[in-house]
Amino acid sequence: MILTYTKNLLVFSIFLLGSFTYQLHAQKKFTGFAEPSVSLNIKSESPWSYNFTIANRDILYQKEEFNAEIKHIELAQYTSLSVGLYGKITAGIRYRFIEMFDEHKDNEVRLVEQYSYSTKIKNLKASHRFRIAQRFRERTTHRFRYRFLVDIPLNGQRSDVKEFSLSLSTESVFEMGKEEKPSLGQRLNSSLSYQISSNTKFKFGLEYRYRNYTQTPKTELFLLTGLSLSL
Amino acid sequence: MKKLSLLLLFSLSLSTIAQEVKLEKEERIHIEQMPEKARLFLSQKSLTENKTKRYYKEIDGDKKSYEAKLKIHRKTYSIEFNTLGELEDIEVEIKEREIPKEVLKNIKNQISERCDRYKIERIQAQYVNTSSTNQQEVLKQALKKNNFSKVNYEIIIKLKTKEETMRCEVLFDSLGSYKNHRKITDYAHDTHLH
């Protein structure tokens with residue numbers, strides 16, 4: 001049962017993303033994407049955990065036209081180690097198959113290193129994530145990111161099976177490289193998760209990205225869907 | 001000797017912690033969905049002063065119950081009823097400093113013996129409605145928090161052993177002796193990644 005306060009939260013987040021979408025409509029440098037993903041999480045009794053993900057990014061709207069085309073397919077693997085009571089160190093590798101969809105671009109290898117810290121404040125879960133990444137493609141780009149995320153259970157005090165939760169996050173991204181000017185970007189994400197069973201979760205969300213806003217800004221909107229399985 | 005045996009019991013049970021799992025599921029409801037007796041209990045003057053009350057239906061394994069959460073003098077109270085609306089217990093969120101020093105020391109010793117690191121996330125003083133008490137007496141004790149001889153301490157701890165990191169609900173009696181514990185399941189998937 002979703003009560004008034006959870007309804008208000010949903011309305012607020014829809015309003016927030018709706019207003020972004022309205023602004024985006026007026027912008028020429030806007031691209032709309034869809035990104036479905038499936039991930040498998042392996043947790044053991046040890047402090048180690050592993051994640052395998054396959055995702056695909058499709059362009060839905062570009063240059064003021066609706067245009068469905070595949071941008072890339074991505075395979076990712078992350079290995080995490082719990083440190084302390086609330087921290088996690090993660091290293092990951094992502095490989096993007098781009099060439100097969102755009103012959104002018106190379107495939108991309110991305111290395112990821114991150115530290116995340118999650119705590120519970122009453123029934124909310126708040127987490128901080130510091131991530132650095134190296135993107136190897138035609139040129140090499142270094143990324144430094146910080147994300148703050150709040151996870152809110154919408155039924156009761158925590159998310160149980162057959163219950164919804166709402167995640168809201170904001171992330172700052174700084175990019176730099178030898179062959180490019182440094183740039184700053186900001187991301188806002190709002191997503192709804194449904195715990196299908198104790199080890200399966202479905203996620204649906206929207207992410208607004210305001211990229212390179214100090215020089216030549218461009219905006220992107222992602223329609224995200226994800227199925228997450230846990231072993 | 002009694003303390004030693006309780007410590008041993010707690011140690012043994014923590015080592016087999018995975019077996020005892022808290023399978024509590026809460027669903028927010030309207031007051032009209034609470035049993036009538038519970039509604040009557042909650043309508044008494046000492047509980048109607050605050051405006052924000054939340055009501056939940058709880059399923060804990062095979063057990064069903066109803067719970068009201070409210071704030072009185074900045075303290076969070078959870079009042080639990082059975083399906084007939086009879087009071088089961090009242091829990092009040094308290095700070096560490098509100099537990100008698102010797103009792104707190106006893107509790108902490110027992111926890112730290114069994115894990116590498118821990119953090120107390122929440123403490124609730126639990127006033128149970130037993131056959132020897134009545135509902136009004138329990139409420140009076142909980143509101144005044146002046147009878148520590150009949151209290152239990154329900155403590156949520158995040159702990160790390162050599163094997164794993166987990167969140168746990170541990171119950172101690174008024175003297176700080178271990179009674180039971182349950183591991184709290186966490187459905188968090190990979191929010192730190194995507």
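Values quoted throughout were computed directly from the atomic coordinates according to the rules given, and no laboratory measurement underlies them. In this text, all values refer to a predicted model and were calculated from it rather than measured experimentally. Because the Cβ atoms are built from the backbone with ideal geometry, glycine has one as well, and the counts that use them run over all protein chains shown.
Quick check on my filter: what residues within segment A:154-176 are at positive phi and either surrounded by 15 or more Cβ atoms within 10 Å (Cβ to Cβ) or away from chain B (no Cβ under 14 Å) (or both)?
Listed by number, the list holds a single entry, A:Gly156.
Which residue pairs have Cβ atoms under 9 Å apart, sit 6 or more places apart or on different chains, and have a first residue in segment A:84-112 that is within 13 Å of chain B (Cβ to nearest Cβ) and on the phi > 0 side of the Ramachandran plot and a second that is surrounded by 13 or more Cβ atoms within 10 Å (Cβ to Cβ) and assigned to a strand (DSSP E or B)?
As it stands, the answer is A:Gly84/A:Tyr117; A:Gly84/B:Lys160; A:Gly84/B:Thr165, since those pairs meet every condition given.
Can you tell me which of A:Thr216, A:Thr200 is hydroxyl-bearing (Ser, Thr, Tyr) and touching a strand residue (DSSP E or B) at 6+ places or on another chain (Cβ under 6 Å)?
When all the criteria are applied, what remains is A:Thr200.
Rundown of residues vs (1) within 11 Å of chain B (Cβ to nearest Cβ); (2) part of a strand (DSSP E or B); (3) within 15 Å of the chain's Cα centre (by Cα); (4) touching a residue at least 40 places away in the same chain (Cβ under 8 Å), yes/no style:
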| site | (1), (2), (3), (4) |
| --- | --- |
| A:Phe33 | no, yes, yes, yes |
| A:Leu40 | yes, yes, no, yes |
| A:Tyr50 | yes, yes, no, no |
| A:Asn56 | no, yes, yes, no |
| A:Lys71 | no, yes, no, no |
| A:Glu74 | no, yes, yes, no |
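Of everything in segment A:74-104, what is surrounded by fewer than 15 Cβ atoms within 10 Å (Cβ to Cβ) and among the acidic types (Asp, Glu)? Give them in sequence order.
A:Glu99, A:Asp102, A:Glu103
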